[in-house]
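Asker: Here it is: the structure, laid out below.
Taken together, the values in this text are just the output of simple stated rules run on the coordinates, not laboratory data. Values in this document were obtained by computation on a predicted structure and should not be read as measured data. Cβ placement follows ideal geometry from the backbone for every residue including glycine, while neighbour counts extend to all protein chains displayed.
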Amino acid sequence: MSVSIPMPSLGFGCYGRLGAEGVSAIRYALEVGYRNLDTGQDYQTEVDVGEAVRASVIPRDQVYVTTKVATGNLAANRLIASLEESRKKLKLDRIDFALIHWPAPNGAIAPEVYLIELRKAEESGICREIGVSNFTIALISRAEEILGKGGAFVCNQIELNPLFKNPKIARHCQSLSMRVTCYLPLARGRLSANLPLAAISKAHGMTGEQIGLAWEWSRGYAAIPTSSRRERIAAGFAAQQVRLSKEEIATTDALPDGPRVIAPAWGPKWD
C-alpha cells in the first residue's frame with residue numbers, strides 16, 4: 001500500500017542508526033510517535049530502516065520514508081537504478097520521498113541531468129514525492145527553469161538551527177511554498193549551553209534542544225533530529241508540546257549565528 005500521509009514536521013534522522021542497535025532506535029522512535037524516517041544512500045541504513053518499518057505495528061501507510069540520492073548516483077544512467085536499489089534495500093513498495101542529497105560536486109554533472117531523472121522516478125512510481133537538499137537560491141532557480149515553477153519539490157533540506165539560521169535560502173524556499181527541513185536541528189548538542197535558550201528552557205521545563213525544535217516549528221520548518229538514546233528520542237517527540245511566546249521566538253531569532261558545520265570543499269556556493 002502506498003503512503004497517504006503528507007510529510008510530518010517531525011522526522012527521525014537515521015544517519016548512524018546501523019545494525020541491531022539502529023533498528024532498535026528506529027523502532028522505538030516509531031513506538032514513541034515519529035512517523036517520518038529520514039535515510040539516504042550514503043548513510044547505509046536503508047536496510048535497517050526497512051527492517052524497522054516492517055517490524056513495527058504502525059501501518060505502512062502511516063510511515064513516511066525518505067531517502068536521498070548519493071552524489072555518485074547522479075548520472076543519467078545511475079539515478080533511477082540507484083533508487084530501485086534503495087527500494088529493494090528498504091523492501092518497500094514505494095519510496096515516499098526521494099531527494100537529491102547534494103548538487104553534483106563542483107558542478108561536474110549539469111542539474112538538468114539529475115533533476116529530469118528524479119522527475120522520471122516520480123512519474124514511474126518509484127517515489128511518491130521529490131525534493132532536494134543543500135540547494136542554493138541559484139540552484140532552485142535553475143531547477144525551476146528545468147522542471148517548472150517550484151519544480152514540484154516538497155522541500156529543500158538544509159543545515160538550520162537557532163545557532164545557524166540560514167535565513168536567505170529559508171526565506172526563498174518559503175516564498176515558493178517549498179518546505180524547509182532542518183538537518184542538524186539540535187546544533188550537535190550546543191543549544192543547552194546557550195544562555196538565552198537556557199532561560200527559555202527553564203521557563204518551559206524543557207531542554208535547549210527541545211526549545212530549538214519548537215523554534216524551528218514556529219518558523220514553519222520541519223526538523224529531523226536523531227539519537228540512539230531512548231530518553232533523547234522521546235524528548236524530541238515531546239518537544240511538540242512546547243508553544244513559544246512571541247518574545248521567546250524573537251529572542252531566539254536574535255541569537256548570533258555561528259559558522260556552517262557541513263561545508264565540503266566541493267559543495268555549492270552558499271547563499
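Asker: Setting aside same-chain residues fewer than 8 positions from K88, which lysines have a Cα under 19 Å from its Cα?
Answerer: Filter leaves K68, K120.
Asker: Also, quick follow-up: Give the order of F153, F237 when sorted by the count of other beta carbons within 10 angstrom, beginning with the fewest.
Answerer: Ranking F153, F237 by Cβ neighbours within 10 Å, fewest first, gives F237, F153.
Asker: Expressed in whole Å with the largest first, what are the equivalent ellipsoid semi-axes of segment 1-80 derived from the C-alpha gyration tensor as the square root of 5 times each eigenvalue?
Answerer: Result for segment 1-80: semi-axes of 22, 15, 11 Å.
Asker: Beyond 15 Å, what share of the Cα-Cα pairs of segment 203-271 remains, rounded to the nearest whole percent?
Answerer: Roughly 61 percent, rounded to a whole number.
Asker: Based only on Cα atoms, what mean projected area does the convex hull of the chain have, in nm²?
Answerer: 13.3 nm²
Asker: Show the residues, 5+ positions off or on another chain, whose built amide H is closer than 5 Å to the amide H of Y64.
Answerer: The list, which skips near neighbours in sequence, is N36, L37.
Asker: For segment 80-193, what size does the Cα cloud have along each of its three principal axes, sorted from largest down, in whole Å?
Answerer: Projected onto the principal axes, the Cα atoms of segment 80-193 cover 46, 34, 28 Å.
Asker: Kirkwood Rh, segment 152-271, all Cα pairs: how many Å?
Answerer: 14.7 Å
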